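Novice: Following this message is one structure expressed as structure tokens.
The values are calculated or read from the model by the stated rules, or taken from the named source; none is laboratory data. Here the structure is a predicted model, which is why all the values come from computation and not from measurement. Note that each Cβ is placed from the backbone with ideal geometry, even for glycine, and that neighbours are counted across all protein chains shown. To get the accessible areas, we keep the full protein, side chains included, count just its heavy atoms, and leave off ligands, DNA and RNA. Shrake-Rupley method; radii C 1.70, N 1.55, O 1.52, S 1.80 Å.
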Amino acid sequence: MASNDHDQVVTAVGIVFGGISGLNQQTQEANQFLTQFQHSPQAWQLCLHLLQSHQPTLPSFYAAQTLRNKLKYDLHQLPSPQSLHELRPNLLQILQAFSTQPPTQGSSIHQITTQLSLCVAVLSIQLPWFSVTSDILSSPLPPSSQLKILKSIAEESFRGGREYKQAIGEQFNVVTDFCYNVILKGGADAEEGMNVLKAWVRYIDCGVTAMTIPSTNNTHQLPNWLTHCLEILANPPPPSFESSIDVVVEVLRKYESEDPRNTNLVMKLIPELMALQSPFLQTTDEDAILGYCRVFTEMGESFMSLLLDPSQLNQISLVSLVLQCAMVEDKGTACITMNFWYRFVGGLEQLEPYEFRQGKVDYYYELLMRLTDVCCGLLVLPEGVETEEDMDDDVKSNRSYTADTVEDCCRLLGGDSVVIQIGKRLQQICGGGANPPWQEIEACLYAVKSIARYIPRDEETVIPHVMNMVTSFAANPQSQPSILRHTSAALIGKYADWIGAHPSYLEGFFNYLLSNLRDPACSQASSSAIKHLCESCGPELSGPVVNLYDQLAGSGIAIQDELQILEGVCKLMSKMSYEDAGATLQRVMTPVGGQLEMVVSGAPTTPKVVNGVLQRLTVICQHANPKRTANQPNLVLSLMQQCWPMLTKFVQMYGTSGDMAENVSRLFKYALRNCKREFAPLLEPLMQLLTAAFDHTFQSPYLYCSAICITEFANVQDQSQSLYNLIVTQSQSVFKRFTNIEAFTNHPDVVEEYFYLLSRFIKYCPALLFKGGDLLCQTLKCAVVGLQVHHRDANKGVLSFLENSIEFGLTQNIGHEERKGLQNAIVNAGEDIVKGTLTALLGDTPLFFIDTGSASIAGVLYKLISLCPQLVVEWVKKTAKDCSVSLGPMAEGIEHEIICLLSQPPGQRNEFNRSIRNFNDKVWQTRRQMSGAGGGRRSS
């Protein structure tokens, strides 16, 4: 080892970690040097040299951290496997030396020993060192270091093989007994003993037999350490109460009642845990309450199968206990139970047969009704919250989960029963005095809103009273807090169908919503409610709503709220006569058309105004669909024809922006889908506009819109050639830009949309693409380059195109000219396709989809082998060697295996997929052995 390496590392560590003053450039250079040095073979020897100095300094910490990473990822740098065995005694000696040093202020002993403990754990996996736990426990290391190593072994054990995990699991009782003895002695190591227990229960598969100790009379008892944790929970709150909670929770998570092997343990745990109800109800300590709620809720989830079991085990007592947890004062703690209720309701729903299911629902009926009432209490807002902006994230999420739980109750009990329960609570609140707390009222309204989908239009028991209450708010809306008006407006929107069946409420509610639009805190809910009323109610709303929309211009209302109301106007058009709908459309389009004319005239404007014009036009094209006869023209088509010159100019002026391109394409998409084949007069101008815009801007939304053209007009006579010309022109623009891999990488969205466009063409009108063959060949070769782009969606688009292209040759109705064109393209591009897929499988290019979904590497290979098996064998033999060269000495074996795999008939698709995945797993393991976890890109 050169001394200058030692000096450089010490100096660089001082600059990066030690606060040595220096220029930023110095820090960057030092950091770069340390990063590079960590991966060098020389780092092994220097790390050991630094650590053998036994100095609790930053360089020693850096050395321990580096050694841990090298043990994980750089074993191939060692001269022989024996080197790893020789490291074992050195590592333990170093750890012993650091562990016996007294901690001093400013030293890094704790951090160094932690890293060295991880080194021992990783080393035990790499050797493998099956007796590591017994060797550590019999070593002269102090208990603090032994505990650190044991904890690290548990946390790193997932990296080990099956035999290693089995050997570690067999030491479970030895380790837990050691931790128990450390805990009983107390002192500084007791808490770490608890942490080790938690880690070993969580990560080590010891088998349930380790958790139940046989005793006399064929009974079983719990292990000492678990009994000790339960005793601590029965007498809160000693110092280790929270750690004991963690250990018990880990036990419950690991040993669920659904597994029959856990029966003895579960039956032993139930009375011990239920006995904790008394200290739970007596304590006032918030941390203790939180801990008990965690245990009881986890107990309910872990023992769910018993709660749903037909046996009479007094299961209601456990569910009642979880309900008591939901009633604690702290709402954050109470909401811990919500996942239990979700699983509980789901489990009851799945019970068969119906008679048994209903019997269980009846058994828990009263509890579930009480749960509804408890949830209403949890929905009450804290003091000081009067708007949505006042709520923090915890309040929002807790209200959302709680409302979901009320909705879950409806699935079991029925909406009528639940809404009656809420109505009783609301009646009690309002009957308690002249000024009931508005937060309580708002909580009930929020609950009623959340169950709207379960309430029929003819409900006459509770909903009329709720609606009358909301009507009373309308008399003096500004006196109500914003959040109450927001919830009331949202409730009106959710019950639009009910209001449609009770039109007497309509006028009052509309005026109430109109007044709320002026308040930004309520405008979103109010505009959405107006939209829903337009959908559900009769044309009597058309006059007031259209008048309202006329007044919105220049009112300062947010564009999102305006668009909601405009959508409502469009929905109303479907209920009008054709003439009235035309007049309404002309009325709402007058200001929009004026704005469009203004923005294309070159007058000063802002992106907000420009986007607003497009969004309004898009809403009209998407939702305006008036009733008409066959002889009456499509109003949206007429609108698009009138606006076409301005839209063309708009794209030319603003279409270079990605956001504008996307908004323009959305407008055209909805116009195409609304008009369908009636859009034919504008199809050719639209395709010319899309090709020119894409060639000029290279924005992917224009490709997406081109795909919509194909979808809508592929089956229309005389349009195939025009659509093919669209493909040709867009492809020319792509080929002009995609001249190297950097261009692909810089435009992953274009890669994605271009190949999805081609896939769409193959799906709907493939004949012209396959007859020519030349364009298909170019696109196939382009796709192979696209496989190298490290972008999930782009990769999916490329694979989709490759699969669809090859699959077309396997169809029965393919014509002679199409088959000939495909054969020419495959002969020219097939070798590149095989090479591209093999390169991905071997880990040198991105691999996102091995065998899943409708587009994958396995799918491409399977269909290619099915189409031309002999050619594939030739291509594999020619390319496998080049593709596997990065695997170094392992390449020959991998090359042979891939040739054998792809030279056989593919058989069933599932079997082929499994073979491909197994092969990729082997490649990944090979790369990991060579250069660590960074080798090979695995499919998600």
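Novice: Under 14 Å from a point placed 7 Å out from the Cα of THR745 along the Cα-to-Cβ direction: which residues of the range 777-801 have their backbone N that close?
Specialist: 786-791
Novice: When the accessible area of the range 645-759 is computed with all protein chains present and a 1.4 Å probe, what percentage of it is carbon and sulfur?
Specialist: Numbers: 2170 of 4630 Å².
Of all accessible area on the range 645-759, carbon and sulfur atoms account for 47 percent.
Novice: I'd like the distance between the alpha-carbon centres of the range 781-805 and the range 685-700, rounded to an integer number of Å.
Specialist: A separation of 22 Å, based on Cα centres.
Novice: Might you work out the accessible area of HIS816 for me, using a 1.4 Å probe with all protein chains in place, and round it to the nearest 10 Å²?
Specialist: 150 Å²
Novice: So for ARG518, ARG159, what's the accessible-area order with a 1.4 Å probe, most first? Intermediate results must be reported in sequence, preceding the final value.
Specialist: Values: ARG518 180, ARG159 70 Å².
Highest to lowest solvent-accessible surface, that is ARG518, ARG159.
Novice: What does the convex hull of the Cα atoms come to per residue for the range 392-517, in Å³?
Specialist: Numbers: hull volume 13.5 nm³, N = 126.
Given the Cα convex hull of the range 392-517, per-residue volume reads 107 Å³.
Novice: Still on this model: Determine the per residue accessible area of the range 491-650 with all protein chains present and a 1.4 angstrom probe, expressed in square angstrom.
Specialist: Values: 6610 Å² over 160 residues.
I get 41 Å² per residue for the range 491-650.
Novice: Still on this structure: Considering only Cα-Cα distances, which of the following residue pairs are longer than 23 Å: LYS796/LYS863; LYS72/LYS835; LYS608/LYS669?
Specialist: Values: LYS796/LYS863 16 Å; LYS72/LYS835 31 Å; LYS608/LYS669 21 Å.
The answer is LYS72/LYS835.
Novice: If you don't mind, another one. For TYR764 and GLN350, what is the calculated FRET efficiency with R₀ set at 41 Å and r taken between the beta-carbons, to the nearest 0.05?
Specialist: On the way: r = 41 Å, r/R0 = 1.00.
In this case the efficiency is close to 0.50.
Novice: List the aspartates and glutamates whose alpha-carbon lies under 14 Å from that of LYS736, not counting same-chain residues fewer than 8 positions away?
Specialist: ASP695
Novice: Please report the carbon-and-sulfur percent of the accessible area for the range 308-442; probe 1.4 Å, protein heavy atoms only, DNA, RNA and ligands left out. Could you put the intermediate results ahead of the total?
Specialist: Details: 3010 of 6340 Å².
Reported share for carbon and sulfur atoms: 48 percent.
Novice: To continue, here is another question. When averaged across all projection directions, what area in nm² does the alpha-carbon convex hull of the range 1-97 cover? Can you show the working numbers first?
Specialist: Working: hull surface 24.8 nm².
The orientation-averaged projected area of the Cα hull of the range 1-97 comes to 6.2 nm².
Novice: Measure off 7 Å from each Cα along the Cα-to-Cβ vector at ARG88 and ASN910, then give the distance between these two points in nanometres to one decimal.
Specialist: Each label point lies 7 Å from its Cα, and together they span 4.4 nm.
Novice: With just the Cα atoms defining each centre, how far is the range 124-139 from the range 232-310? Give it in Å.
Specialist: Here the two parts' Cα centres lie 33 Å apart.
Novice: Can you give the convex hull volume of the alpha carbon atoms of the range 713-788 per residue, in Å³? Write down the numbers at each step before the final one.
Specialist: On the way: hull volume 6.0 nm³, N = 76.
Here the figure is 79 Å³ per residue.
Novice: Between GLU258 and ASP580, what is the spin-label point distance in nm, taking each point 7 Å from the Cα along the Cα→C-beta axis?
Specialist: 5.6 nm
Novice: Roughly how big is the chain's charge dipole about its Cα centre, with Cβ charges of +1 (Lys, Arg) and -1 (Asp, Glu), in debye to the nearest 20? Before the final figure, lay out each step's value.
Specialist: Details: 70 positive and 94 negative charges, 488 e Å.
Computed about the Cα centre, the dipole is about 2340 debye.
Novice: Please report, in cubic angstrom per residue, the volume enclosed by the convex hull of the alpha-carbon atoms of the chain. Please report the intermediate quantities before stating the final value.
Specialist: Numbers: hull volume 234.1 nm³, N = 940.
About 249 Å³ per residue, rounded to a whole number.
Novice: Tell me, rounded to the nearest percent, the portion of alpha carbon pairs in the range 766-810 spaced more than 13 Å apart. Each step should come with its number before you reach the end.
Specialist: On the way: 546 of 990 pairs.
Summing the P(r) tail past 13 Å for the range 766-810 gives 55 percent.
Novice: How long is the gain from GLU191 to VAL873 if the chain were fully straight, where each residue apart is worth 0.36 nm and the alpha carbon distance is subtracted? List each step's numbers first, then the result.
Specialist: Numbers: separation 682, 0.36 × 682 = 245.52 nm, distance 6.23 nm.
Length gained between GLU191 and VAL873: 239.3 nm.
Novice: On to the next question. Does the range 97-196 classify as rounded, prolate or oblate by the C-alpha gyration tensor (a ≥ b ≥ c root eigenvalues; a/c under 1.5 gives rounded; else a/b over b/c gives prolate, otherwise oblate)? Don't skip to the answer; put the middle values down first.
Specialist: On the way: a/c = 2.18, a/b = 1.36, b/c = 1.61.
Oblate.
Novice: Once both labels are modelled 7 Å past Cα along the beta-carbon direction, what's the SER504-GLN688 spacing in nm?
Specialist: So the two model labels end up 6.2 nm from each other.
Novice: Which pairs break 30 Å Cα to Cα here: LYS165/LYS268; LYS676/LYS781; LYS268/LYS424? Write down the numbers at each step before the final one.
Specialist: Working: LYS165/LYS268 27 Å; LYS676/LYS781 34 Å; LYS268/LYS424 42 Å.
In this structure, LYS676/LYS781; LYS268/LYS424 exceed 30 Å between Cα atoms.
Novice: Give the residues of the range 439-476 whose amide nitrogen is closer than 20 Å to a point set 7 Å from the Cα of GLN551 in the direction of its Cβ.
Specialist: The answer is 471-476, whose backbone nitrogens lie closer than 20 Å to the label point.
Novice: I'd like the FRET efficiency for VAL361 and GLU286, computed as 1/(1 + (r/R0)^6) with the beta carbon distance as r and R0 of 51 Å, rounded to 0.05.
Specialist: That gives a FRET efficiency of 0.90.
Novice: Relative contact order, percent, of the range 1-99 when contacts are C-alpha pairs under 8 Å separated by at least 6 residues? Can you show the working numbers first?
Specialist: On the way: 62 pairs, mean separation 25.5, N = 99.
Once normalised by length, the contact order is 26 percent.
Novice: When the solvent-accessible surface of protein heavy atoms is calculated with a 1.4 angstrom probe, in what order do GLU807, GLU298 fall, highest first?
Specialist: On the way: GLU807 80, GLU298 30 Å².
Highest to lowest solvent-accessible surface, that is GLU807, GLU298.
Novice: For the range 368-444, what number results from the quotient of the Cα radius of gyration and 2.2 N^0.38 Å?
Specialist: On the way: Rg = 13.0 Å, N = 77, 2.2 N^0.38 = 11.5 Å.
In units of the globular-protein estimate, the range 368-444 measures up at 1.13.
Novice: Can you pull the accessible area of THR11 for me, 1.4 Å probe, Å² to the nearest 10?
Specialist: Near enough 80 Å² of accessible area.
Novice: Share of Cα-Cα pairs in the range 118-160 beyond 12 Å, in percent?
Specialist: Details: 490 of 903 pairs.
Looking at the range 118-160, the distances longer than 12 Å represent 54 percent of pairs.
Novice: Rounded if a/c is under 1.5, else prolate if a/b is larger than b/c, else oblate: which is the range 209-361, with a ≥ b ≥ c the root eigenvalues of its Cα gyration tensor?
Specialist: Details: a/c = 2.15, a/b = 1.13, b/c = 1.90.
Verdict is oblate for the range 209-361.
Novice: Turning to a different aspect of this structure: Given a 1.4 Å probe and every protein chain left where it sits, what share in percent of the accessible area of the range 126-264 is carbon and sulfur? Intermediate results must be reported in sequence, preceding the final value.
Specialist: Details: 3050 of 6410 Å².
Carbon with sulfur: 47 percent of the solvent-accessible area.
Novice: Any idea of the accessible area per residue across the range 36-93, 1.4 Å probe, to the nearest Å²?
Specialist: On the way: 2790 Å² over 58 residues.
On a per-residue basis, 48 Å².
Novice: Expressed as a whole number of Å, what is the distance separating the alpha-carbon centroids of the range 711-761 and the range 816-832?
Specialist: The two parts, judged by their Cα centres, are 19 Å apart.
Novice: Leaving ligands, DNA and RNA out of it, work out the accessible area of LYS424 with a 1.4 Å probe and give it in Å² to the nearest 10.
Specialist: 110 Å²
Novice: Quick check on the range 306-372: take the gyration tensor over C-alpha atoms, sort the square-rooted eigenvalues as a ≥ b ≥ c, and tell me if it's rounded (a/c under 1.5), prolate or oblate.
Specialist: Taking the square roots of the gyration eigenvalues as a ≥ b ≥ c, the range 306-372 is prolate.
Novice: For a quick check: with amide H placed at 1.01 Å from N, whose amide H comes under 5 Å from GLN221's, ignoring anything fewer than 5 positions away on the same chain?
Specialist: ILE213, SER215
Novice: Would any residue of the range 608-625 have its amide N under 13 Å from a label point 7 Å out along Cα→Cβ of SER657? List them or say none.
Specialist: 608-615
Novice: Pull up the cross-link candidates among the aspartates and glutamates for LYS148, meaning alpha carbon to alpha carbon under 15 Å and not fewer than 8 places away within one chain.
Specialist: ASP135, GLU156, ASP189, GLU191, GLU192
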